[in-house]
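Accompanying notes for the structure given below.
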Amino acid sequence: MSGLISRLKRMRLGDVLRRNPLFYDEAMRVLRTLKDADLAQRRAWTSERLSKVLWAARRSGYGRKVRGTASLETWPLLAQQQVRADPRAFYSGPRWLAVAAHTGGTSGAPLLLLRSAREIALEQAFIDFVTHEATGLPADARCAVLHTEEIKDPNDFRPPYWIFAAGGRRLVCSAGHLNADTIAAYAQILREFRPQVLFAYPTSLEALCLLLRRAGEQVHIPHVACSSEMLHPHVWALARETLGCTMLDRYGQAERVARACATEPGQYRFVPGYAHVELVQVDAREDRKVYEIVGTSLWNPAMTLVRYRTGDLVHLPALWGKAEMPEKYWREDFIGQPVRVRLSPLLDPFLVARYKDAASEAFSLRLTRSKPEIDSWFDRRFLNAALKELKLEGYWPEYDASGELVGNKVAVR
């Protein structure tokens, strides 16, 4: 079965399946739009999508067991062991169009997974999107692949060690046959094929570059994109020096609950629209804090994993999230204004108008299916009662929708 799937991936039919126009175009549109959206627009789209995901997840066996609601906070963190013990408990949608899959089992026994056609298309859209953003190349660019595909018998060291796929646009090389005796053949085919981008696992990329250098072979590949393994800083430098390439590294996992990418070592950014990502602090040190990546898929209705603990850690500076602007600039910015003018608890028309603007812009960019009604979001009863009880009515300035001060309630001095 795995051999059949591998052959399908190398055929044009495989490209059609991964770039299914029913879902691929939508996924690409979302990724492109959210890239240029502001934080409010991204949150609006994610909130709407997340509500649909949680609705579907509540129907699964796991959802009924934990009694998850429409609020993400009511769902407990989900451990890998729970999915491994009963994967069917997480099935939440029709399965006749879904594809069975599994993790690599690097952290223990593999997890059995189910991927919807929508999620498969999203994954390809993500690869095409971040590759284009980093390299400027189209999805059908001439590429070489150095992963773990089974090209031929691993004991057969007679050339060739590669095959051509996608109508000759893709050169798929065997990583298992790459060694000191075969590196000359690999170098020759790469020079002849002249790929615009090389997709490789970090360990395979490192082996290729070391063998090329030791053999004195010269190969230039403009761009290299890595995934599936940790890309160590020394491999970034080695590949750039050996191949003269730009570098892209894609972070993710087979469970498809978070995706990030980087073009420089240690500078990863999560891709908006792919998943809902949380950083849960698990450790604190003098100079940094350690967080675990927790993700919720937004595109896989067949098997919904909510607040899934990836086991992957992020190290961030201890001051991450705090203001990095020097104090003197804050003082200059606040001179002549009491704090109550700059920091107010009021739910005034100006605040509501900002939410309405964000909602309208999100709708115009097709990030939401409809324009939400905003006024009902704000319940001022408790705030007004507290202001009256504390005799603070009129203490903070109130602004109208255009940003003009309402009346002369507060003197700004």
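Please treat every number below as a calculation from the coordinates, not as lab data. Predicted model only: the values in this text are computed from it and were never measured. Ideal geometry is used to build each Cβ from the backbone, glycine not excepted, and the neighbour counts take in all protein chains shown.
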Taking neighbour Cβ counts within 10 Å as the exposure measure, how do Thr203, Thr296, Thr304 sort from fewest upward? Thr203, Thr296, Thr304
For the chain, calculate the relative contact order in percent as a whole number, restricting contacts to Cα pairs under 8 Å that are 6 or more residues apart. 15 percent
So if we plug the beta-carbon distance of Thr74 and Glu393 into 1/(1 + (r/R0)^6) with R0 = 35 Å, what FRET efficiency do we get, rounded to 0.05? 0.45
Can you grab the distance from the C-alpha centre of region 194-211 to the C-alpha centre of region 283-303, Å, no decimals? 29 Å
Region 96-189: GluC sites (Glu not before Pro) falling in loop per DSSP and having at most 14 other Cβ within 10 Å: Glu150
Show me, for region 79-89, the HN-Hα J-couplings you get by feeding each phi into the Karplus relation (A = 6.51, B = -1.76, C = 1.60, θ = phi - 60°), rounded to Hz, glycine and proline as x. 8, 4, 4, 5, 5, 4, 5, 8, x, 5, 5
Report the Cα-based extents of region 191-258 along its three principal axes, largest first, to the nearest Å. 41, 23, 15
In degrees, nearest 10, range 0 to 90: what is the angle between the Cα axis of helix 202-215 and the longest Cα principal axis of the chain? 50 degrees
What value, in deg cm²/dmol to 500, does the helix sum -39500 (n - 2.57) over DSSP H runs of n ≥ 4 give at 222 nm once divided by the residues of the chain? -11000 deg cm²/dmol
Measure nothing but the geometry: give the 0 to 90° angle between the long axis through the Cα atoms of 349-364 and the longest principal axis through the Cα atoms of the chain, rounded to 10°. 30 degrees
Label-reachable residues, region 225-243, where backbone N falls under 17 Å from a point 7 Å from Arg285's Cα toward its Cβ: 233
Looking only at Pro317, Pro372, Pro202, which one moves most when the chain is put into a Gaussian network model with springs between Cα atoms under 10 Å? Pro317
Given the options Leu392, Leu137, Leu198, state which has the largest fluctuation in a GNM of the chain using a 10 Å cut-off (strictly under) for Cα springs. Leu392
With springs connecting C-alpha atoms under 10 Å apart, model the chain as a Gaussian network and identify which of Pro160, Pro345, Pro138 has the largest mean-square fluctuation. Pro345
Post the alpha-carbon centroid distance, region 17-89 to region 128-167, in whole angstrom. 31 Å
Counted neighbours (other Cβ, 10 Å), sorted fewest up, put Asp153, Asp312 in the order Asp153, Asp312
Amide H within-cut-off set for Ser227, under 5 Å, with H built and near neighbours excluded: Ala200, Arg250
In degrees between 0 and 90, to the nearest 10, how far off the longest principal axis of the chain does helix 39-57 point, with axes built from Cα atoms? 70 degrees
Quick check: pseudo-label points 7 Å beyond the Cα along Cα→Cβ at Leu405 and His220, how many nm apart are they? 6.5 nm
Counting only residues 5 or more places away or on other chains, whose amide H sits under 5 Å from the amide H of Arg288 once H atoms are built in the peptide plane? Ala318
Note on the chain: C-alpha Rg/Rh, Kirkwood Rh, two decimals, gives 1.05
Contour minus Cα-Cα distance for Lys371 and Asp140 (0.36 nm per residue): 79.5 nm
Mind checking the full-extension length gain between Ser47 and Phe164? Use 0.36 nm per residue of separation minus the Cα-Cα distance, one decimal, nm. 37.8 nm
